[in-house]
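Asks: Okay, here's the structure, questions in a sec.
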Amino acid sequence: MEKTFNFNLNGKTVRVTTSPERMLLWVLRSDLELTGTKYSCGEGFCGACTVLINDEAVLSCQYPVQEVNGKEVTTIEGLQDNGKLHPLQTAFMLHNALQCGFCTPGMILGAHNLLLKNPQPTSKEIVEAMEGYLCRCGSYNRIIEAIQTAAQTMKGQRS
Amino acid sequence: MKDDEFIPFDLEKNLNPGTLDRREFLKLMGGGIVILFTVGDSLALQQARRRRGYPEDFNAYLRIGEDGRVTCFSGKIEMGQGVITSFAQMLAEELDVPLNSVDMIMGDTSLCPWDAGTFGSRSTKYFGPPLRQAAAEARTVLFQLAAEHLRTAQEKMKVKDGIIFVTKNPEKKVSYAQLTKGKKIERHLEKKPPIKHYSQHTISGKPTDRLDGRAKVTGEAKFAGDIRLPGMLYARIVRPPAHGAKLKNVDTSAAENIKDIQIIRNEDMIAVLHKHRDVADKALGLIKAPFEPSTNTQDNKSIFKHLKGSASGGEIVTEAGNLDEGKALASKTFDEVYFNHYVAHAPPENHTAVAKIEGDKATVWASTQAPFRAQGDVAQALGFSLQNVRVITPFVGCGFGGKNSGRQVVEAALLAKLSEKPVQVAWSRKEEFFYDTFRPAAIIEIRSGLNSLNQIVFWEYHNYFAGSRSSQPFYNIPHHRVLSYGGWGGRGGGRTHPFGVGAWRGPGSNTNVFAIESHIDVMAKSAGMDPLEFRLHNLTDKRMKKVLNAAAEKFGRSFSEAPSGKGYGIACTDYLGTYLATMAEVKIDEKKGEIRVERVVCAQDTGEVINPEGVRIQIEGCVTMGLGYCLTEEIRFKNGRILDENFDTYEIPRFSWQPKIETVLLDNPEMPPQGCGEPAITSMGGVITNAVYDAIGIRMSVLPMTPARIKEALRNGRAATQ
Ligand code: FES
Ligand code: FES
């Protein structure tokens, strides 16, 4: 049975009518045509499909759309603030912390979640928090540096 | 070399020249002005003539728009290796325009010059020279035009940022865009102008950030699966459970009940199509399609014996002297065997294609390393003429050799034709593992000998199925013979392996360097020399000595006769002209059998470097990815089934595996640019096994060195050969 769900997506209210058990990843990618969120393993093993739901990093390939009702969803497309890149985005560019870029949206949103909980993580804490995010291109060291740079920038912005 | 040969689609047969006229070509090129158009040929026609080479006409490579932006066209694709940046640097340098005025169009068969495909670390090495030549010629012609326009002799003018001005009176100037605007210029130079000397470079050779960075951090970068077309359907296809399994029958009735589902059967292909990917997934799950079991009986345990048994003949890759004479000179001989298992490409982006058909024309967006090959495949499958098929390659989420062939491209095209709708085929992770063309399992046997001066006097090398790349000795070995019994794509292919195998980043070389450099260490130990000293002792190649010394200097630790307990390793190689030496430090948790790689230093001489930052990124990526085939990556299979279906059992490197990685780029601008996307991965097997030996005194002869294998080796005091 199809049902209607309302949620906030990147600052705008959206309404989707669909079967409740469908995964958010596909609703985003195919119904809403927001393709920044990537499909890679489809089973919760890689982090490429990460989105933020009420500021928590969530694997959208494992998240039924019915659970999103009434919540706030941020995808990579919604991270910019009025066209201004988020410090994580800038830091990933600065450190060239990507190659093919396929894992990048998930990495950035995963890191975003980490920095909300732990604004000044050590590199060990970054590794622990990001362990479930895979980068076949092997940009891990640069991603760690980028997250630390972003943490510094955000600290500066807060103070 | 056989392994390197690209098997081209027969373009001649499928080409029907003459329908795309000059006006259409100009339209295709968009709004900008095509400068210096010499003949009325379309790009397609030119490509037909020089289908195995790059076009002469520089218009095929670049276009200056009315707004002054320069578009660079390349048949190569961007899959993370960074040529999008280094090509733009080369073009901007040679044409004298700002780097940020260059736009790249890559892998589009209608717009870009023909190309065999993006593999073998060849992009810069082979596409770089014609690109530079084209830009140099364009720049020279623009100078001629400016001379006429400003009525000044060429020698009295200079160019900066796309503006040509009179040296003594800079106000007297004209831009490239002004020169080309609205004009139809047909001029070509008889004599090709020289390209700039590297000492004049201001853009090329400088560390440059990725030009695709912004698109990739904002989610704007489009991959094939991100293409959305009106009315597009997602297709899922029934797959056999095992290689070699035959379909018995099929019952689609349950799937037919799903709203808006379309089911297509075309010979053995059964597909379900829906406007939502996940609904198509669900429908696929409802199809009952029993298969006869595969007749293949191999598994990981039996494979090496099977491979050895299936080999025959043996081609000489290289030889010198006489093995018997060499053997007579030896005071000590060595006889070892090295093995590696099948390894998956496991790209983050699964194989994907979107196809649209209008009348007798097809457009396909594909995640492919070889768009022109895919174009041929689609033309053949649909019965279309080649030029009516356009393949567009958006960003590709890694290839590593796994996206050279285009099964999914043909599937999407056929289904688009049959369903009369645009169709996207995006493989699931399970399909990705199933249809991957794995790095072949391989066996290397080496027999060698040292004389009383610890010089290598003979070397007999038998290579079963790795492929011959990097198997030519670069040590001084007067008597040697290297034999290959089939490569990753050559002989032995289908009949030998239970499933597809193919090129895998640094094909052949990963296995060869692992075996060669392990064996060198075996001899070093016997010679009572430390592994660095022994290598230098047996080398005269100055470039190789230089990279070894550069790596050693950066490594900053001294080697001792192994096993020293320190866990230091070395490996060096020549990968298609790029020289490199890698040093590593490992620690071993003997209880868990786990190898922890602490630090890797890689020194590389890749000739002239276009983007030092890009080269470093590639080395770091190679080192990281290489840890996978050293430590965990091994495809498990049985009776034609691929048992690893996702990243839960097939473990690839993660954040916590990361060693500290240090890179040294040797300065060698006199040598034309060599490849850099693959070389550093090829030394990883050798350097890590050598470091493990130095740590625990056991020579691991099978890759990957899983915890189970390490523990078993520690228990038995020696490595098993499985
Ligand atoms: S696609 Fe969701 S975790 Fe991999
Ligand atoms: S940048 Fe390619 S997978 Fe991470």
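The values are calculated or read from the model by the stated rules, or taken from the named source; none is laboratory data. None of these values were measured; they are calculated from a predicted model. Note: ideal-geometry Cβ built from the backbone for every residue, glycine included; neighbour counts use all protein chains shown. To get the accessible areas, we keep the full protein, side chains included, count just its heavy atoms, and leave off ligands, DNA and RNA. Shrake-Rupley method; radii C 1.70, N 1.55, O 1.52, S 1.80 Å.
Asks: Percent relative contact order of chain A, based on C-alpha pairs within less than 8 angstrom and at least six residues apart? Display every interim value, and only then the final one.
Replies: Working: 277 pairs, mean separation 37.0, N = 159.
Relative contact order here is 23 percent.
Asks: Against the longest alpha carbon principal axis of chain A, how many degrees, from 0 to 90 and to the nearest 10, is the axis of helix A:140-158 turned?
Replies: 90
Asks: Between B:ASN322 and B:SER302, what is the label-to-label distance in nm when each label sits 7 Å out along the Cα-to-Cβ direction?
Replies: 4.5
Asks: Continuing with the same structure: Please check: in the Gaussian network model of chain A (C-alpha springs, under 10 Å), which one of A:GLN148, A:GLN80, A:GLN120 has the largest mean-square fluctuation.
Replies: Maximum among the listed residues: A:GLN80.
Asks: With the radius of gyration and the Kirkwood radius both derived from the Cα set of region B:400-467, what is their ratio Rg to Rh? Spell out each step's value before the answer.
Replies: Numbers: Rg = 22.8 Å, Rh = 16.4 Å.
Rg divided by Rh gives 1.40.
Asks: Oh, and also: List the lysines whose Cα sits under 22 Å from the Cα of B:LYS587, skipping any in the same chain fewer than 8 residues away.
Replies: Here the lysines satisfying the reach criterion relative to B:LYS587 are A:LYS124, B:LYS525, B:LYS554, B:LYS566, B:LYS660, B:LYS711.
Asks: Quickly work out the A:ASP81-to-B:THR333 label distance, labels modelled 7 Å from Cα along the C-beta direction, and quote it in nm with one decimal.
Replies: My value for the distance between the label points is 7.4 nm.
Asks: Give me the 1.4 Å probe accessible area per residue for region A:87-158, excluding ligands and nucleic acids, in Å².
Replies: 34
Asks: With r defined as the distance between the Cβ atoms of B:GLU358 and B:ARG718 and R0 fixed at 51 Å, what FRET efficiency is calculated, to the nearest 0.05?
Replies: On the way: r = 65 Å, r/R0 = 1.27.
Between B:GLU358 and B:ARG718 the formula returns 0.20.
Asks: Right, here's the next one. Let me have the relative contact order for chain B, percent, based on Cα pairs under 8 Å that are six or more residues apart.
Replies: Values: 1666 pairs, mean separation 101.1, N = 722.
Reported as a whole number, the value is 14 percent.
Asks: Still on this structure, please answer the following. Residues of region B:501-515 with amide nitrogen under 15 Å from the 7 Å Cα-to-Cβ point of B:SER310?
Replies: Answer for this model: B:501-502.
Asks: While we're looking at this one, here's another question. Do the alpha carbons of any pairs in A:LYS12/A:LYS71; A:LYS12/A:LYS38; B:LYS246/B:LYS638 sit beyond 18 Å of each other, and which pairs? Don't skip to the end; give the middle numbers.
Replies: Values: A:LYS12/A:LYS71 11 Å; A:LYS12/A:LYS38 21 Å; B:LYS246/B:LYS638 16 Å.
Where the Cα-Cα span goes over 18 Å, the pairs concerned are A:LYS12/A:LYS38.
Asks: Ok, one more. Residues of region A:88-105 that become at least 10 Å² less accessible with every protein chain present than in their own chain isolated, using 1.4 Å: which are they?
Replies: The answer is A:GLN89, A:MET93, A:LEU94, A:ASN96, A:LEU98, A:GLN99, A:CYS100, A:GLY101, A:PHE102, A:THR104, A:PRO105 - residues whose exposure falls by at least 10 Å² when every protein chain is included.
Asks: Check each residue of region B:342-359 and keep those whose accessible area, probe 1.4 Å, is at least 40 Å² smaller with all protein chains in place than in the chain alone; give them in order of residue number.
Replies: B:PRO348
Asks: Could you calculate the FRET efficiency of B:GLU66 with B:HIS188 from 1/(1 + (r/R0)^6), where r is the beta carbon distance between them and R0 is 22 Å, rounded to 0.05?
Replies: Values: r = 22 Å, r/R0 = 1.00.
Working from the Cβ atoms, E equals 0.50.
Asks: Can I ask one more? Could you tell me what % of all Cα pairs in region A:87-158 have separations over 18 Å?
Replies: On the way: 655 of 2556 pairs.
Counting every Cα pair in region A:87-158, those more than 18 Å apart make up 26 percent.
Asks: Mind checking how much accessible area B and A bury in total, 1.4 Å probe, in Å² rounded to 100? Could you put the intermediate results ahead of the total?
Replies: Details: alone 29100 and 8640 Å², together 33310 Å².
Using a 1.4 Å probe on protein heavy atoms, the buried area is about 4400 Å².
Asks: If you don't mind, there's one more thing I want to ask. So what's the protein assembly as shown giving for Cα Rg divided by 2.2 N^0.38 Å, two decimals? It would help to have the intermediate numbers written out before the result.
Replies: Details: Rg = 28.0 Å, N = 881, 2.2 N^0.38 = 28.9 Å.
My calculation over the Cα atoms of the protein assembly as shown gives 0.97.
Asks: Same structure again: Need the C-alpha centroid separation for region B:134-182 versus region B:200-221, integer Å.
Replies: Each part reduced to its Cα centre gives a spacing of 27 Å.
Asks: From the phi of every residue in region B:350-357, what ³J(HN,Hα) in whole Hz does the Karplus formula 6.51 cos²θ - 1.76 cosθ + 1.60 yield, where θ is phi - 60° and glycine or proline is x?
Replies: Per-residue couplings from phi come out as 5, 4, 9, 8, 10, 10, 10, 10 Hz.
Asks: Please list, in chain and number order, the residues 5+ apart from B:PHE637 or on another chain whose amide H is under 5 Å from its amide H, with Hs placed from the backbone.
Replies: Correct list: B:ASN300, B:LEU643.
Asks: While we're here: Which whole-number percent is the relative contact order of region B:486-572 (Cα, under 8 Å, 6+ apart)?
Replies: Details: 52 pairs, mean separation 22.8, N = 87.
26 percent.
Asks: Same structure, new question: List the aspartates and glutamates whose Cα sits under 12 Å from the Cα of B:LYS542, skipping any in the same chain fewer than 8 residues away.
Replies: B:ASP605
Asks: Still on this structure: Would you please give the FRET efficiency between A:GLN62 and B:ALA153, computed as 1/(1 + (r/R0)^6) with r the Cβ-Cβ distance and R0 = 60 Å, to the nearest 0.05? Spell out each step's value before the answer.
Replies: Details: r = 70 Å, r/R0 = 1.17.
Result of the calculation: an efficiency of 0.30.
Asks: Using the Karplus curve 6.51 cos²θ - 1.76 cosθ + 1.60 with θ = phi - 60°, work out ³J(HN,Hα) for each residue of region B:427-434 in order, rounded to whole Hz, and write x for Gly and Pro.
Replies: These are the phi-based 3J(HN,Hα) values: 5, 7, 4, 5, 4, 4, 5, 5 Hz.
Asks: Also, I was wondering about something else. Enumerate the residues in region B:422-439 having an amide nitrogen under 18 Å from the point lying 7 Å beyond the Cα of B:ASN266 toward its Cβ.
Replies: B:422-427, by backbone N distance to the label point.
Asks: At 25 °C and 0.890 mPa s, grab the translational diffusion coefficient of region B:216-370 from Stokes-Einstein with a Kirkwood Rh over Cα pairs, rounded to a whole number in µm² per second. Show your work: numbers first, answer last.
Replies: On the way: Rh = 21.3 Å.
It diffuses with D of about 115 µm²/s by this estimate.
Asks: At 222 nm, what helix-only mean residue ellipticity would the protein assembly as shown give, in deg cm²/dmol to the nearest 500, using -39500 (n - 2.57) for each DSSP H run of four or more?
Replies: Working: 26 runs with 265 residues, N = 881.
Value at 222 nm, helices only, nearest 500: -9000 deg cm²/dmol.
Asks: Please give the per residue accessible area of chain B, computed with a probe of 1.4 Å over protein heavy atoms only, in Å².
Replies: Numbers: 26950 Å² over 722 residues.
For chain B, the per-residue accessible area is 37 Å².
Asks: Oh, and also: Past 22 Å, Cα to Cα, is the threshold; run B:LYS76/B:LYS403; A:LYS84/B:LYS160; A:LYS84/A:LYS155; B:LYS216/B:LYS417; B:LYS125/B:LYS403 against it and keep the listed order. List each step's numbers first, then the result.
Replies: Numbers: B:LYS76/B:LYS403 13 Å; A:LYS84/B:LYS160 32 Å; A:LYS84/A:LYS155 17 Å; B:LYS216/B:LYS417 32 Å; B:LYS125/B:LYS403 20 Å.
Among B:LYS76/B:LYS403; A:LYS84/B:LYS160; A:LYS84/A:LYS155; B:LYS216/B:LYS417; B:LYS125/B:LYS403, the Cα-Cα distance tops 22 Å for A:LYS84/B:LYS160; B:LYS216/B:LYS417.
Asks: Can you tell me the Rg and the Dmax, both Å, for the Cα atoms in chain B?
Replies: Reported Rg and Dmax, both Å: 27.5, 85.
Asks: Let me ask something else about it. Run the accessible area of the protein assembly as shown with a 1.4 Å probe and give the carbon-and-sulfur part as a rounded percent. Write out the running numbers ahead of the final one.
Replies: Values: 16250 of 33310 Å².
Carbon with sulfur: 49 percent of the solvent-accessible area.
Asks: In addition: Which of the aspartates and glutamates could a cross-linker bridge to B:LYS192, judged by Cα under 14 Å and excluding same-chain residues fewer than eight apart?
Replies: Hits, sequence-local ones excluded: B:GLU56, B:ASP57, B:GLU94, B:GLU137.
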